[in-house]
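Please treat every number below as a calculation from the coordinates, not as lab data. Just so you know, these numbers come straight off a predicted model, no measurement behind them. No Cβ is skipped: glycine too gets one built from the backbone with ideal geometry, and neighbour counts run over all protein chains shown.
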Amino acid sequence: MVGSCSFWHMFIVLLCPYPVDTVPGQRLKYEQYLDFLRSEGYQISVHSFFSNDSFAILYQDGKTLQKIFGVIQGFCRRLLLLPQIQKADGIYVFLNIVPVGPAWLEWLFLRFAKKTIYDIDDMVHMIPTTSANIISRPFKTPSRYFMLLRRSDHVITCTPALDRLARLYNPCTTDISSTINTSTYLPVNDYSNDKRLVIGWSGSHSTIPYLHLLDSVFQELSARFNFKLLVLGTSFFRIPGIDVESVPWSVETEIPNLQRIDVGVYPLPDTTWVQGKSGLKALQYMSLGIPTVASNIGCNSRVIENGVSGFLVHNHESWVNRLGQLLQDPELRRKIGTRARERVVRYYSVEANKNTYLSLYRSVYGMPKHLS
């Protein structure tokens, strides 16, 4: 029901790699819009390739047999979905239908689906593989991603570089950044220097090496400022001479832990892979009114107005200077943090982008019909 109107619901099968509410690439993209789209008449059934149990061990070292069993289980889950795919009004695919092996299941699902929206995040065609799952590398193939790009009715990307790549295979694309629910991401910072300040970073198992790009920056700053480095997303992180607090990620503590940060950092290497990143971590900091210093690479220049809603830096000296200014000057933190929050609300919030998702659903799958 929406107001006094009832809908004949359109049935959409959503296929994703990971369980709901587990990874930021899903949580801070399409997952935030599912309730809204359901209220607009779309019955969306979400099916992850990995079960909760399989995902829990996916990025742990070892446990190879359990991981292989989880992949086999995922293939079985996908095959059992085929009758639903044929009956559905369309499918929504995030990243892939299966993560390994030949692309025959992608071909089969695309053949059976009436309509398809493909949501691609990062430069996944470059086949990234973590050290915990190196055994899977020979079984990964980029052909599945190019097939999905070519044969989908519409492609959702998240950066200009990724959108340019997608348009080589499909003229129907929409660039939608990762977005933030600004009704739950709320600033609490008092921008005071009456306490020990916290420099913070948030990431995952795959991005933790990026933080080590700043080892010498933190070590130089520690000679002038008394700060703590808060690292979110890992249980252990160490830089010699720096007071580091490492906190594993959980959905329950993510926002409260981010709210502890006085200055956010977002270092990135200058690689092709990074060109697919949408600036998500910067957006999380900014939405909480946290002044952010980020590498002037990739999408960060779209997200941050340098010197207005954050700082973009390119070398050791500029990292030290900008972080030093923010640690020393609470009013500068307040000014930058306030403008950062305003920018996210205006351009990168769920509220600002929800109708873009709705218009794509309507144009690809059709409009749910009102019942008399």
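Details
- Choice from Thr157, Thr272, Thr173 showing the highest fluctuation, given a GNM over the chain with Cα pairs closer than 10 Å: Thr272
- Note on His9 and Asn296: the model spin-label points, each 7 Å out from Cα along the C-beta direction, lie 5.1 nm apart.
- Between Ala56, Ala166, Ala282, the Gaussian network model of the chain with springs among Cα atoms under 10 angstrom shows the greatest mean-square fluctuation at Ala56.
- Sites Phe69 and Asn306, calculated FRET efficiency, Cβ-Cβ separation with R0 41 Å, nearest 0.05: 0.25
- Gain upon complete extension [Asp215, Ser318; 0.36 nm per residue less C-alpha separation]: 35.7 nm
- Rounded to the nearest 10 degrees, the inclination of helix 330-347 to the longest alpha-carbon principal axis of the chain is 10 degrees.
- As a calculated quantity, the FRET efficiency between Val198 and Arg111 at R0 = 41 Å, using C-beta atoms, amounts to about 0.20.
- Angle in degrees between helix 350-365 and the longest Cα principal axis of the chain, rounded to the nearest 10: 20
- A crude spin-label estimate for the pair Thr184 and Ser51, with each label 7 Å from Cα along the Cβ direction, gives 2.6 nm.
- Each Lys or Arg adds one and each Asp or Glu subtracts one; over the other residues with Cβ under 12 Å from the Cβ of Gly241, this totals -2.
- The computed Kirkwood radius over Cα pairs in Å for the structure shown corresponds, within (1) 21.9; (2) 21.2; (3) 23.5, to (1).
- Under a 5 Å amide H cut-off, with hydrogens placed 1.01 Å from N, Thr173 pairs with Val155 among residues at least 5 apart or on other chains.
- Backbone geometry of region 199-209 corresponds, through the Karplus equation with coefficients 6.51, -1.76 and 1.60 at θ = phi - 60°, to 3J(HN,Hα) couplings of 8, x, 9, 10, x, 9, 4, 7, 9, 4, x Hz, x marking Gly and Pro.
- Relative to the longest principal axis of the Cα atoms of the chain, the long axis of helix 316-328 lies at roughly 70 degrees.
- Taking other Cβ atoms within 10 Å as a rough exposure proxy, Arg260, Arg346 sort from fewest to most as Arg346, Arg260.
- Highest-MSF residue in the chain out of Leu211, Leu283, Leu80 [GNM, Cα springs under 10 Å]: Leu80
- In the chain, helices alone account for a calculated mean residue ellipticity at 222 nm of -10500 deg cm²/dmol, with every DSSP H run of four or more residues adding -39,500 (n - 2.57).
- Counting neighbouring beta carbons within 10 Å and listing from fewest to most, the residues Thr184, Thr174, Thr141 come out as Thr184, Thr141, Thr174.
- Tensor-based shape of region 197-347 (alpha-carbon gyration tensor, a/c under 1.5 rounded, otherwise prolate or oblate): rounded
- Evaluated over the chain, the count of Lys pairs having alpha-carbon atoms less than 21 Å apart is 20 (only pairs 8 or more residues apart or interchain).
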